[in-house]
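Below is one structure, written out as structure tokens, with a few remarks after it.
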Amino acid sequence: NPYAGLVSHLRASWLSGKTRPMEYRMAQLEALGRFMDEKKQEILEATNLDLGKPSFEAYFTEILLCKNELNITLNNLSHWMKDEHVDKNLVMQLDSAFIRKEPYGVVLIIAPWNYPIHLVLVPLIGAIAAGNCVIIKPSEIAKNTERLLAEMLSCYLDSDCFAVVTGGVQETTRLLENKFDYIFFTGSPSVGRIVMTAAAKHLTPVTLELGGKNPCYVSDTCDVPNVARRVVWGRFFNAGQTCIAPDYLLCTLEMQEKLMPALREAITEFFGPNPQESPDFGRIVGDKQFRRIRALLCSGRVAIGGQTDEAERYIAPTVLADVLPSDPAMQEEIFGPILPIVVVANMDEAIDFINSRERPLAIYAFSCDSKVVNQVLERTSSGGFCGNDTLMHATLTSLPFGGIGNSGLGKYHGKFTFDTFSHHRGCLHRNMGLETLNAPRYPPYTQQKLGLITATFEVKRRSTCTLL
């Protein structure tokens, strides 16, 4: 295997204990911060070449949010690393019972192309903070960013403990043949199954950050212009190539009619009369992805946009009206600048529709009535939820980010990333003396001993008091 030597080298570094001291972890994290600071311009240029990403969007998602993750980690690492002491029973009051946060070992991070820096660095920050050695596999589709990471990260990070592997499907397949101690994958559910199958051969634990069709319910009682702006921003940010973008709207026919001029106005406000000329609207990453998304324009009827330019890989911000659940745009995650609207009779029908499909990475609900938002939250299941806005829940490091079912397995962001890449080892350190306290558990057994064991080990339910 072409990567066996690399994995062995990193495993030897991990076994040496090099990555365990807090000082080492902090130094590597600070070096990652210097990479973001010193290569800021190169990051902005590479993401623009790969995705036509506006510098505003690139700075916000690929640099600012990553720096937030880094600084949260640097500010709290000493606290996160401390042993967590736990409750004890009567027998063990003089002993030490604690959870130790230990690194898994050599971990693999496989990143996608849509946020090619962010979705490498955020898991990497947690993996370093937890004390692991890491192999990073950036996406070959975002080739300029892949080259930047491959050439530059080694100038900042310790090459005995951290490595970047480049290549496509064949190289990733060979890489996955090696035994890793943890695998963190971001991508599609179909590739997630392949990664999980490869991990199963070595009983390797995984985090799978997958996609899904994220529904957005708009109730009849809402501030229509505000809904339009927030939905347009979330759907067309990064030209729609965002795993938590609202994938389709659910609303009544009356609300569809009210929303349409407001959506058109918001698109014009953000991107001008011709979005193709706007410096603030991105492009599709590749020809294959462009053709797949363009084919979805046959769903329903094009109410807004619909223009395409294959030479530029440009698809206009598009809204499709009167889309049927059987239409092509409703059979797969769109991952592009197309917003279908599916008409429902009411909130109950919208919730039934959501629950009849695979559980998504995010659910959005808009209403001036908080009871409606809470109903959608309580009666559905998804990786995350955001009421009266889109995408913004993912910017909080205090909230776990991750999917459920078809949209993923596991969570990260902030401390959750550190915990994901840490093995929580349950530890008990007992006193060598006081043997008389242990005598009741030793044979020969008697009823008297059982009574003592029961009295000292039994957990009793707290009494409840009912007021009549």
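Overview of results
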item: From the options 197, 221, residue that is surrounded by fewer than 18 Cβ atoms within 10 Å (Cβ to Cβ) and either touching a residue at least 60 places away in the same chain (Cβ under 8 Å) or in a strand (DSSP E or B) (or both); result: 221
item: Residue match in region 136-145 (condition: of a type outside the set (D, E, K, R) and within 26 Å of residue 15 (Cα to Cα)); result: yes
item: Candidate set from region 244-277 (those that are touching a residue at least 12 places away in the same chain (Cβ under 8 Å), open to solvent by 30 Å² or more (accessible area, probe 1.4 Å) and out of contact with any strand residue (DSSP E or B) (no Cβ under 7 Å at 6 or more places or on another chain)); member that is nearest to residue 113 (Cα to Cα); result: 270
item: Residue count for region 1-15, restricted to those that are more than 28 Å from the chain's Cα centre (by Cα) and crowded, with 17+ Cβ neighbours inside 10 Å; result: 1
item: Odd one out for residue 64 among (1) over 21 Å from residue 416 (Cβ atoms); (2) in a helix (DSSP H, G or I); (3) open to solvent by 60 Å² or more (accessible area, probe 1.4 Å); result: (1)
item: Flag for residue 393 being within 43 Å of the chain's Cα centre (by Cα), in contact (Cβ under 8 Å) with a residue 12 or more places away in the chain and loosely packed, with under 10 Cβ neighbours inside 10 Å; result: no
item: Residue count, region 295-332 (criterion: part of a strand (DSSP E or B) and either open to solvent by less than 20 Å² (accessible area, probe 1.4 Å) or on the phi > 0 side of the Ramachandran plot (or both)); result: 7
item: Evaluation of residue 88 against (1) surrounded by 17 or more Cβ atoms within 10 Å (Cβ to Cβ); (2) in a loop (DSSP other than H, G, I, E, B) (one fails), failing number; result: (1)
item: Top-ranked residue of region 200-218 - restricted to ones that are surrounded by 16 or more Cβ atoms within 10 Å (Cβ to Cβ) and not in a strand (DSSP E or B), ranked as nearest to the chain's Cα centre (by Cα); result: 210
item: Region 422-448 residues that are over 14 Å from residue 88 (Cβ atoms) and in contact (Cβ under 8 Å) with a residue 40 or more places away in the chain, paired with ones that are part of a strand (DSSP E or B) and open to solvent by 90 Å² or more (accessible area, probe 1.4 Å) (beta carbon under 8 Å, 6 or more apart); result: 424/100; 425/100
item: Residue list for region 353-389, restricted to those being in a helix (DSSP H, G or I) and open to solvent by less than 60 Å² (accessible area, probe 1.4 Å); result: 353, 354, 372, 373, 376
item: Cross-chain or 6+ apart pairs with Cβ under 7 Å, region 3-16 first and under 17 Å from residue 166 (Cα atoms), then in a helix (DSSP H, G or I) and open to solvent by 40 Å² or more (accessible area, probe 1.4 Å); result: 3/174
item: Filter result for residue 50 (in a helix (DSSP H, G or I), without any contact (Cβ under 8 Å) to a residue 12 or more places away in the chain and within 25 Å of the chain's Cα centre (by Cα)); result: no
item: Test: residue 430 is closer than 30 Å to residue 212 by Cα, surrounded by 11 or more Cβ atoms within 10 Å (Cβ to Cβ), among the basic types (Lys, Arg) and not assigned by the TED database to the domain that holds residue 63; result: no
item: Selection count where residues are hydrophobic (A, V, I, L, M, F, W, C) and open to solvent by 70 Å² or more (accessible area, probe 1.4 Å), scope region 16-60; result: 2
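The values are calculated or read from the model by the stated rules, or taken from the named source; none is laboratory data. The structure displayed is predicted, hence computed values, not measured ones. All Cβ positions, glycine included, derive from the backbone under ideal geometry; neighbour counts span all protein chains shown. Note: accessible area is taken over every heavy atom of the protein model, side chains too, but ligands, DNA and RNA are not part of it. Shrake-Rupley method; radii C 1.70, N 1.55, O 1.52, S 1.80 Å.
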